[in-house]
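Chemist: Have a look at this one before I ask anything.
The values are calculated or read from the model by the stated rules, or taken from the named source; none is laboratory data. Note that this is a predicted model, so its numbers are computed, not measured. Cβ sites come from the backbone with ideal geometry, for glycine too, and all protein chains shown count toward neighbours.
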């Protein structure tokens, strides 16, 4: 659930204690409140009318404030939890799971109390005060909404206008936390990493994201530590699908890849003889839904799949950012090649920036660790919020509006309530 900003609520309550008597009609509407909300609705200031347009037309014809109350509750719901048909989207995501497509999209929703909204209305709260509790905390809601209001009546194709609107709705279901003075942003369809400090990008560079069948999940986390000269502990699903078949075909594959086999991933675990592992049996139905009893580990080296460094932000998807020896992939326009993790084109530059003020190790120590080829952990002095987002429409800092290819098909399966559908599905 979204965390309601406590400071805002406290300030509102304090202000409410200084109000004069509220004079409203039988439905609680004062003249100033009605005028204020009518202005918001006429411009759709917060891009939240969506499926409420028929109700809005009914109010314009009748002037009935009972209808206006329904509009206020509905507008608050749309502002807090978006105009995306969430149930339809979840059903489409279930279909992907049935197709063995690894796809995850974090959704943060607020609890909305219509009784509380109407109570505030009757107590004389301004409409802005009522809606403030439901507005998204992240800055991209405001940036995209301003651009949408500019182009709503012309200047964009219907397809791009819909795309712009959809991305506003995505900002509404993002987690409200972690949008302060410093955060990391990975925009999947843009294949781009940004380090944001005080509302501007101090670093921006290309990334590689997950394949269509192994999608990078959309979620929020917090970067806590960094691994230098990392091992790559091959996940079971990758081991089954890719590594074990190669081991069976080529008995020298493990040696060539600088890999060892362990009974588990414990630090004190000893490597075992790979010739004693029943590789073919591990691909049988018996082990299809079980954890593999062996772990394949690629040791630190120049050719290690994770490169020289990986950046850890704990999450349930086992996803992280890392270096890569496959630098040629960053020259491609299409860059969805990974198993879900995010490959960075400038990992050392990011490490250097963090080491200036935020790492427990100094730059000199980092260089020595790289030379040693031994794995080492270093903790951030101050954790950094990380947002992995899916914004197929984005406004650059120079004001330019960019649209990106819908690589995972979310633009199709995220329907907006109130719009006509053509029945097509993404992926």
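Chemist: For residue 216, work out the one condition from (1) under 17 Å from residue 402 (Cβ atoms); (2) assigned to a loop (DSSP other than H, G, I, E, B); (3) touching a helix residue (DSSP H, G or I) at 6+ places or on another chain (Cβ under 8 Å) it doesn't fulfil.
Modeler: Against the list (1) under 17 Å from residue 402 (Cβ atoms); (2) assigned to a loop (DSSP other than H, G, I, E, B); (3) touching a helix residue (DSSP H, G or I) at 6+ places or on another chain (Cβ under 8 Å), residue 216 comes up short only on (1).
Chemist: Something else now. Being in a helix (DSSP H, G or I) and under 32 Å from the mean Cα position of the chain (by Cα) is the filter here, so list the residues in segment 29-49 that pass it.
Modeler: 37, 40, 41, 42, 43
Chemist: Okay, next question. Would you tally the residues in segment 258-300 being part of a loop (DSSP other than H, G, I, E, B), within 23 Å of residue 325 (Cβ to Cβ) and modelled with pLDDT of 85 or more?
Modeler: 3
Chemist: Mind listing whichever residues of segment 154-186 are within 19 Å of residue 403 (Cβ to Cβ) and either within 14 Å of the chain's Cα centre (by Cα) or assigned to a loop (DSSP other than H, G, I, E, B) (or both)?
Modeler: Within segment 154-186, 154, 155, 156, 157, 167, 168, 169, 170, 171, 185, 186 qualify.
Chemist: Among the strands (runs of 3 or more DSSP E) confined wholly to segment 310-427, which include 1 or more residues that are under 16 Å from residue 228 (Cβ atoms), in contact with a strand residue (DSSP E or B) (Cβ under 6 Å, 6 or more places away or on another chain) and free of Cβ contacts under 8 Å to residues at least 60 places away in the same chain?
Modeler: none
Chemist: For segment 111-132, which positions are surrounded by 20 or more Cβ atoms within 10 Å (Cβ to Cβ) and more than 20 Å from residue 21 (Cβ to Cβ)?
Modeler: 117, 131
Chemist: Here is a follow-up. Among all residue pairs at least 6 apart or on different chains, which show Cβ distances below 8 Å where the first residue, located in segment 30-53, is within 21 Å of residue 170 (Cα to Cα) and the second is exposed (fewer than 12 other Cβ atoms within 10 Å of the Cβ)?
Modeler: 45/39
Conditions tested, residue by residue: (1) part of a strand (DSSP E or B); (2) farther than 20 Å from residue 326 by Cβ; (3) in contact (Cβ under 8 Å) with a residue 60 or more places away in the chain.
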position: 196; (1), (2), (3): yes, yes, no
position: 204; (1), (2), (3): yes, yes, no
position: 208; (1), (2), (3): yes, no, yes
position: 212; (1), (2), (3): no, no, yes
position: 223; (1), (2), (3): yes, yes, yes
position: 239; (1), (2), (3): no, no, no
position: 242; (1), (2), (3): no, no, no
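Chemist: On to the next question. Given the criterion within 23 Å of residue 192 (Cβ to Cβ) and more than 23 Å from the chain's Cα centre (by Cα), identify the matching residue among 239, 305.
Modeler: After ruling out the rest, the residue left standing is 305.
Chemist: Does residue 138 satisfy the criteria of being in contact (Cβ under 8 Å) with a residue 40 or more places away in the chain and either over 24 Å from residue 416 (Cα atoms) or surrounded by fewer than 19 Cβ atoms within 10 Å (Cβ to Cβ) (or both)?
Modeler: No; evaluated as a whole, the condition is false for this residue.
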